[in-house]
Amino acid sequence: MFTRPAFLTLTVCATGLYMTNCPQYIKFRQFRGLLFVTVLSWAYDVFWLLLVNSKSDEDAADGGVEGRVRAFCLLFAYISLAFKLVTFGVIWKCSINFRQVVKGANYAQSDTASDAADVEGQGPSDLDNLDRIMASYD
């Protein structure tokens, strides 16, 4: 019973790392999508913890593992659940100030039409992104 598939949590973590390391490639809607998937992951964990906390057939479900180990695993599952709430708050706050926080101060001071469209979710074309990347190497 303690073999919980963590596919959704791993997807959120991997996507968040990508968005943090390569902010020039993400758009506002994609960042808000990360916020939605974080909420979905939290709901999945709550559902799983409700199933685990049912006391029926505990010994048969986990193969006879001692109660202390089970309690230890549940403790860290609850800590992870609380940490996801903190993570949701940080991502939400960053999505409010998307241009300043995610794109950086230099990006926020730019007044080009492509930058404004990026915040609205319509983003610059791939050619504009390529020009920006190539200019950083000059």
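What the table shows:
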read-out: Some residue of the stretch 47-63 being over 13 Å from the mean Cα position of the chain (by Cα), at pLDDT 85 or above, loosely packed, with under 15 Cβ neighbours inside 10 Å and in a helix (DSSP H, G or I); value: yes
read-out: Candidate set: the stretch 1-14, residues that are closer than 21 Å to Leu85 by Cα and in contact with a helix residue (DSSP H, G or I) (Cβ under 6 Å, 6 or more places away or on another chain); chosen: the one surrounded by the most Cβ atoms within 10 Å (Cβ to Cβ); value: Val12
read-out: Filter pass, Phe72 being farther than 30 Å from Ser136 by Cα, among the aromatic types (Phe, Trp, Tyr), at pLDDT below 85 and in a helix (DSSP H, G or I); value: yes
read-out: The stretch 16-43: number of residues that are over 13 Å from the mean Cα position of the chain (by Cα) and at pLDDT 90 or above; value: 1
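The values are calculated or read from the model by the stated rules, or taken from the named source; none is laboratory data. Being a predicted model, the structure only gives us computed values, none of them experimental. Note that we place each Cβ from the backbone using ideal geometry, even for glycine, and neighbour counts take in every protein chain shown.
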